[in-house]
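Have a look at the structure below before the remarks.
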DNA sequence: AGTAAAAGTTTCGCACACGAAATAATCGTC
DNA sequence: GACGATTATTTCGTGTGCGAAACTTTTACT
């Protein structure tokens with residue numbers, strides 16, 4: 001595994017990785033900066049903007065949207081509730097479920113935030129030609145497909161629901 | 001700003017964003033999984049592998065490599081020192097500087113970890129043809145250049161070293 | 001030399017972020 | 001209709017991750 005690469009190719013690979021990392025970290029920085037202006041943290045801004053759009057969500061649904069664990073989101077909502085930005089309410093159909101929605105104060109705050117962080121990237125991507133965009137998507141999908149297969153083969157481990165065959169059958 | 005996009009384009013943009021996010025979060029997941037097998041955390045694995053390659057680094061240099069603040073790295077090194085994986089030493093040339101290097105135990109551990117997390121992505125990227133790689137790099141650079149200019153114009157704020165002209169000169 | 005500014009690190013307080021265990025409510029099955 | 005399995009959320013412990021302030025040493029300037 002890991003055959004030595006020609007030098008030029010290695011540089012390209014490295015630069016691609018760095019660019020992807022740059023784009024991702026920049027997205028977090030932008031979120032944080034926009035949040036700071038509204039006296040919020042990054043994740044809190046994300047939550048406020050999602051709730052403004054959707055109206056109300058269960059905690060699990062919210063976790064899924066922001067790609068975090070429930071236990072993480074519990075903490076974020078705790079702090080937002082403390083600030084009076086959101087309210088928790090037990091669902092009437094299923095009393096295990098907690099519904100989260102913006103308070104009037106939270107809604108007013110949401111409306112004061114003009115730009116969504118992701119819009120910066122949408123803006124940047126739409127500066128590409130339609131062909132470039134297609135090509136970018138095609139190549140990225142190819143890469144992530146390949147990543148998935150490498151992971152399955154060489155890393156694997158917590159494969160979501162794989163029945164872990166710890167030892168061979170006798 | 002934010003002209004309404006044609007529907008098809010918007011889908012492409014969304015999918016590109018999701019793919020980039022997938023690749024980034026997957027990289028963290030892989031790092032974490034490889035780390036878990038060595039009884040380490042993600043950042044600790046990264047540090048171990050860097051030190052194995054480079055030998056020794058100051059804390060600042062290390063921070064830069066892993067793209068984190070000094071104060072974050074101080075904590076990581078604290079815990080690694082507690083586990084006996086690394087040692088701190090004051091530099092003799094400049095006594096402000098702290099040199100960090102692996103202990104024999106840390107080095108042995110590093111040698112036991114076969115795959116570097118980034119190798120998964122290098123592997124995936126090298127499955128692209130040379131033309132695809134060039135094209136990917138070209139488009140990504142175009143996107144990040146555009147992101148930079150949007151940020152400068154619409155977000156800005158903590159521009160690294162911009163002489164913040166808070167008010168015009170009298 | 002003598003001091004002010006700068007550089008390197010740590011400390012502190014806070015907010016994620018995750019996984020494992022605990023808790024509460026619902027569902028499936030008998 | 002009781003009981004065990006399942007689902008939704010919270011609690012707990014630990015590890016990042018950041019920015020501001022504190023501390024130490026070095027550098028630059030006079």
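Coordinate-derived values only; no laboratory data. Since we're looking at a predicted model, the values are computed, not measured. Using ideal geometry, Cβ is built from the backbone for each residue, glycine included, and neighbour counts are taken over all protein chains shown.
For the reader, a short list of remarks on this structure follows.
- Per-residue packing, averaged as other Cβ atoms within 10 Å, sorts the ranges A:121-131, B:85-95, A:81-91 into the order A:121-131, A:81-91, B:85-95, beginning with the highest.
- Cα gyration tensor, segment A:51-137 - rounded (a/c under 1.5), prolate or oblate: prolate
- Put a dot 7 Å past the Cα of residue A:148, heading toward its Cβ, do the same for residue A:94, and the two dots end up 2.6 nm apart.
- Using a 7 Å projection from Cα along Cα-to-Cβ, the label point at residue B:145 is separated from the same position in the remaining copies by 3.0 nm, smallest value first.
- Plainly put, the tip 7 Å out from Cα toward Cβ on residue A:56 is 6.3 nm from that tip on each other copy, the closest given first.
- Relative contact order (%) - criterion: Cα under 8 Å, at least six apart; region: segment B:1-147: 20
- Taking the number of Cβ atoms within 10 Å of each Cβ as an exposure proxy, the fewest-first ranking of A:33, B:111 is B:111, A:33.
- Relative contact order (percent, whole number), segment B:76-122, Cα cutoff 8 Å, 6+ residue spacing: 28
- Computed E for residue A:21/residue A:115 - FRET, C-beta separation, R0 25 angstrom, nearest 0.05: 0.60
- Three-way shape call for segment A:91-156 based on the alpha-carbon gyration tensor, with the a/c threshold at 1.5: oblate
- Remark: segment B:1-155 is approximated by an ellipsoid whose semi-axes, taken from the C-alpha gyration tensor as √(5λ), come to 37, 20, 14 Å, largest first.
- Residue order, fewest to most surrounding Cβ atoms within 10 angstrom, among A:67, A:36: A:67, A:36
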